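Quick notes on the structure that follows.
The values are calculated or read from the model by the stated rules, or taken from the named source; none is laboratory data. Being a predicted model, the structure only gives us computed values, none of them experimental. Counting neighbours? That spans all protein chains shown, and the Cβs are built from the backbone with ideal geometry, glycine included. The protein model used for the area step is the full one, side chains on, heavy atoms only, and it has no ligands, DNA or RNA in it. Shrake-Rupley method; radii C 1.70, N 1.55, O 1.52, S 1.80 Å.
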Amino acid sequence: MLKSQLCALHEQPLPRGGTVSPLSLEPGPRLTSFLKPQPQRPESLSDTLRLHASAVAALLVVTAAIWLSACNPAPQAPTADAVAGCWKQIPAPTVGAAYTDLTAIHALSPDDVWAVGSAGTPGGDLSRTLTMHWNGAQWSIVPSPNGPNPDTGRNSLYAVSGSSPDNVWAVGAYTRGGSQFRSLAMRWDGSRWSIVPTPDLGEHDDELKAVLAFGPADVWAVGSYLTSEQVDGHMVILHWDGMTWNRQPLPLNVTHTLLSIAARAPDDIWAVGTQVLHYNGKNWRILPTDESAYFDGVTVRGKDDVWIVGNDGSNALTLHWDGSRLNIVPVPAPAGQAFLHETVALPNGDIWAVGEAVDDPARRGAVIMKWTGESWTLYPNPLPDVDSRLQGVTQAGGSLWAVGSQSTEGNSKALFLRYRGEPCGGGKPHAGAVPAPQPTLHTLLHAAPQVGLHSPGSAGRIRQGQWW
């Protein structure tokens, strides 16, 4: 009877809105302090009785925990009947490189969607920036500039954001000799990408990981920098005022990096990474979180409705801001270790999150989750037998897009998934428009404008007929 009563209590539904106050991430003592109690010698009968009572209480707690685990067996793989439609794979353009990885996506409208990433040699050790555009019917590669040494280093884009068809921004990094990274920013003016010089941020490394564009003279970018190879990174936030990038003052106790940025308005901006920061229009402040967690994505629905996704060091993690505090919201447990990389909020209140899980060390699996007001629902992976991951998600009218990569036989290809609530069925690409034949990437990139980054000058170009 006690077991059934515990299960009944445990199965009470979560409060609407996604907040679970008892699991708030307020700073607290470390678990190790509870796992290693110091033994004490009883000095009296009362001491002995107290110890016996404590032992009995501990036994009851363990028994209750075992019963509760039986109340909630491990989640099974989702079925088509359990979800409202399924995600479908959409054909991607042929890039012509052994390694292709899409890291972010942003939609201005259903027929104006941008995706960014990089393409190059296996593992991405040598790579060039990659931008793709959806015109409502198909994806196509758009030429994009690189750093000064595209033939010998890495060039990567990590994020994209736009306020209009002629004001789209992408940020990332390139290598400048050896393994040192420098930040990279570029703007689409409606007809071409052009590099926008960024300031020197660190003596050793600096990268921009996320961007948010309100308008031509109001753009935010976040990332990190290193002053030397031996020290930890430092957060950095830049603001573009239409003429130049301005470095923003931050609290003294910020930590290593920022990975994502989102906003409800210019005076309500959130940035996340190894910490969670909020901007009220005047200054940035830090919100308390578990120092072992990192946060890869954030989306804002209102002043009291913000969602953050990431990893707690071993498993997927989602947080909800209710206007006064951050609260952990339980997530389903995909097979293996899960990492959530990005999230997006829909006007109807739905929240989507994407990422990757590892069933075994040799293969990843795309993770897709949906929050509908009561709990997270894990959606079927449309490519269950393929090594795949998702890194970006966006809304485009009545559709959702997610991007990442899929790997087969050592080669990595761009991955596009789209959700329109269509019936589930198979993991084959959606029978939609197939991209028209396109020139190889080296031809496209050869035609891309290569302009100064941190100082005037021209960047390298791709040799005709080969990648490197």
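Shown are 424, 86, whose ranking by accessible area with a 1.4 Å probe and every protein chain present, most to least, is 424, 86. May I ask which residue of 324, 293, 185 lies farthest towards the positive end of the charge dipole of region 184-342, with charges of +1 (Lys, Arg) and -1 (Asp, Glu) on Cβ and the Cα centre as origin? Among 324, 293, 185, the one farthest towards the positive end of the dipole of region 184-342 is 324. Residues whose amide H comes within less than 5 Å of that of residue 390, counting only those at least five positions distant or on another chain, are 355, 356, 367 (H built at 1.01 Å from N in the peptide plane). Counting only Cβ charges, +1 for Lys and Arg and -1 for Asp and Glu, the dipole size of region 303-382 around its Cα centre is about 80 debye. Remark: region 241-254, residue by residue, has Karplus-estimated 3J(HN,Hα) of 9, x, 10, 7, 7, 10, 6, 9, x, 10, x, 5, 9, 6 Hz, where x stands for each Gly or Pro and the curve is 6.51 cos²θ - 1.76 cosθ + 1.60 at θ = phi - 60°. Taken one residue at a time, the phi angles of region 89-98 give Karplus couplings (6.51, -1.76, 1.60, θ = phi - 60°) of 7, 10, x, 10, x, 6, 8, x, 10, 6 Hz. Gly and Pro are set to x. Considering Cα pairs under 8 angstrom that are at least six residues apart, work out the relative contact order of region 102-244 and quote it in whole percent. Across region 102-244, relative contact order equals 16 percent.
Fully extending the segment from residue 348 to residue 374 would add 8.0 nm, taking 0.36 nm per residue of separation and subtracting the current Cα-Cα distance.
Over 18 Å, how big is the tail of the calculated P(r) for region 139-244, in percent of all Cα pairs?
47 percent
Annotation: amide H of residue 373 has no partner in the under-5 Å range at sequence separation 5 or more or interchain, hydrogens built in the peptide plane. Pairs of Cα atoms nearer than 8 Å and 6+ residues apart set the relative contact order; for region 146-190 it is 36 percent.
Quote the charge dipole size of region 86-157 about the Cα centre in Debye, to the nearest 20; the model charges only the Cβ of Lys and Arg (+1) and of Asp and Glu (-1).
80 debye
Ordered by solvent-accessible area of protein heavy atoms (1.4 Å probe), largest first, the residues 182, 247, 301 come out as 247, 301, 182.
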